[in-house]
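Only one structure is covered here, and it is reproduced in the block below.
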Amino acid sequence: MKTAARPLALLLLVALALTLAPSPAATAAPIAHREVLPNGIVLLVAERPGVPIVAARVLLRAGAAFEPSDRAGLANLTGALLARGTAKRTGPEIDEAIEFVGGSLEAGAGRDGLTASLSVLKRDLTLGMDLLADVVLAPAFPPEELKRKVAQIQAAIKRSEEDPNTVAGRALARLVYPNHPYGIPVEGTIESVGKLTRDDVVGFYRGHARPDTTIVAVVGDITVDEARREVVKRLGGWAKPAAPAPTVPPVKPGAAPKSETITKELTQATLMLGRQSVRQVDPDYFPLAVASYVLGGGSASRLYGRVRDEGGLAYAVYSYVSPARYGASFAISAQTRTAEVPKVGDILKEELARMTREPVKDDELRLAKDYLIGSFPLRLDTTAKVADFIVTIEEQGLGLDYADRYKASIAKVTAADVQRVAGKFFAPDSFNRVVVGATK
């Protein structure tokens, strides 16, 4: 349960500016210490002396990508139940214990992993780590909590079906990732979630929660030795199974692009274009990120200028790269009046094609690179963000020097690089297309 703790937040704000960001002399070093414990757990520790809050993350390779094809939403339900009761404590008892010290403990699942997250003052770390280890090692998955969570998830799915952006995104994922788990909503469907049982949840967790595919990150006013001691004390006895860990195949190239229209009686329509792209391990990712920003990254982007400012045709228009562990996508989204969908669609294609034909201007290139480099520190301005970041780059296999390599790689991108990757990924006829809205 996420808790807003005023004393904890105020202490963090006081300490952040001076203590959280690494000094210029330290920027070339890895952002955290890394070691592998005897049972296979990858331990990451980012020492931040003086920051009063310690953030800890436990990432299990147990995301929606690992679900059986007929159990959509199983990982999401498992994550929602993880902190709702253990062999020692009920869900309310866990909530009461962490709230009493002004901390937070929550869990959830995404496409690639299931995460248990802790934030607590250093003085309360013993309690926090006890609770964190308890929910990771001994979740009880109480039947009454499962019933309640199923109802909550189904209600949330039903509400989301009224959001055209969500509906379009789900449809686009299915077209971009055919025959792959990434094409299935993490939350599942109302029908699939309704069929899930406690046996499904227990079996999924037992089959995927194992130390040799687990990452533990600890960030804050704590030393490597202290963090190691806290983690080994609680998770060191977690035995690695003899069976090999489950795997997920990488995304395969999609079939011929498709177009889909979903009719909803709305005053405006949502248009999305999308296709597969590349992960951060590919050198082309960095010029692609720059190209995406030039095309649709903000109010100075080409799409914003043509579609919104000049034409007054869209309420919002933007592009983005979305990498994950087993694949990546590039997408464009626009919300406009139903009658303007054809015109907006034509402009999107024109601007995509122009990126492939012409080098970007110097000021466009500079603005994109300055933004991407300058905004990067905002990803690391709290202990929680640092913990999330180092877990992600470890899970993605990017290396703990990724923060510096990212900024250096973006800085090196040239106009020729942008045009080259645009030639690979911006061909207008390579995009799947989804429209959600009223039919004319």
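Residues in the range 259-276 that are touching a Lys or Arg at 6+ places or on another chain (Cβ under 9 Å) and not in a strand (DSSP E or B): Thr267 alone.
The residues in the range 95-141 that are in contact (Cβ under 8 Å) with a residue 60 or more places away in the chain, assigned to a helix (DSSP H, G or I), open to solvent by less than 30 Å² (accessible area, probe 1.4 Å) and over 16 Å from Ala55 (Cβ atoms) can be counted, and the count is 1. Within the range 291-306, the presence of at least one residue that is within 30 Å of Pro249 (Cα to Cα), open to solvent by less than 40 Å² (accessible area, probe 1.4 Å) and out of contact with any helix residue (DSSP H, G or I) (no Cβ under 6 Å at 6 or more places or on another chain) is confirmed. If the condition is being touching a residue at least 60 places away in the same chain (Cβ under 8 Å) and either within 28 Å of the chain's Cα centre (by Cα) or in a helix (DSSP H, G or I) (or both), then the range 358-378 contributes Glu364, Leu365, Leu367, Ala368, Lys369, Tyr371, Leu372, Pro377.
Scanning the range 308-322 finds no residues that are crowded, with 23+ Cβ neighbours inside 10 Å and part of a helix (DSSP H, G or I). How about the range 405-419: which of its residues are buried (at least 16 other Cβ atoms within 10 Å of the Cβ) and not in a loop (DSSP other than H, G, I, E, B)? Within the range 405-419, Tyr406, Lys407, Ser409, Ile410, Ala415, Asp417, Val418, Gln419 meet the criteria. Of the residues contained in the range 347-367, one or more are found to be in contact with a Lys or Arg (Cβ under 6 Å, 6 or more places away or on another chain) and buried (at least 16 other Cβ atoms within 10 Å of the Cβ).
Applying the set (1) closer than 30 Å to Pro52 by Cα; (2) in contact with a His (Cβ under 8 Å, 6 or more places away or on another chain) to Pro249 leaves exactly one unmet item: (1). Hey, can you tell me all the residues within the range 380-398 that are free of Cβ contacts under 8 Å to residues at least 12 places away in the same chain and either outside any helix (DSSP H, G or I) or surrounded by fewer than 19 Cβ atoms within 10 Å (Cβ to Cβ) (or both)? Lys385, the sole residue that qualifies.
For the range 335-344, taking the residues that are surrounded by fewer than 18 Cβ atoms within 10 Å (Cβ to Cβ) and assigned to a helix (DSSP H, G or I), the one that is farthest from the chain's Cα centre (by Cα) is identified as Ala339.
Between Ile222, Ile215, Ile262, the distinction of being open to solvent by less than 50 Å² (accessible area, probe 1.4 Å), of a type in the set (A, V, I, L, M, F, W, C), farther than 30 Å from Ser322 by Cα and in contact (Cβ under 8 Å) with a residue 60 or more places away in the chain belongs to Ile222 only. Pairs meeting the criteria (first residue in the range 65-81 and of a type in the set (Val, Ile, Thr) and modelled with pLDDT of 95 or more, second residue open to solvent by less than 30 Å² (accessible area, probe 1.4 Å) and assigned to a helix (DSSP H, G or I), beta carbons under 8 Å, at least 6 apart or on different chains) are Thr78/Val201; Thr78/Phe204; Thr78/Tyr205.
The values are calculated or read from the model by the stated rules, or taken from the named source; none is laboratory data. No experiment lies behind these values; they were computed from the predicted model shown. In this analysis, Cβ positions are derived from the backbone assuming ideal geometry, glycine residues included, and neighbour counts consider all displayed protein chains. In case anyone asks, the SASA skips ligands and DNA or RNA and just uses the protein heavy atoms, side chains included. Shrake-Rupley method; radii C 1.70, N 1.55, O 1.52, S 1.80 Å.
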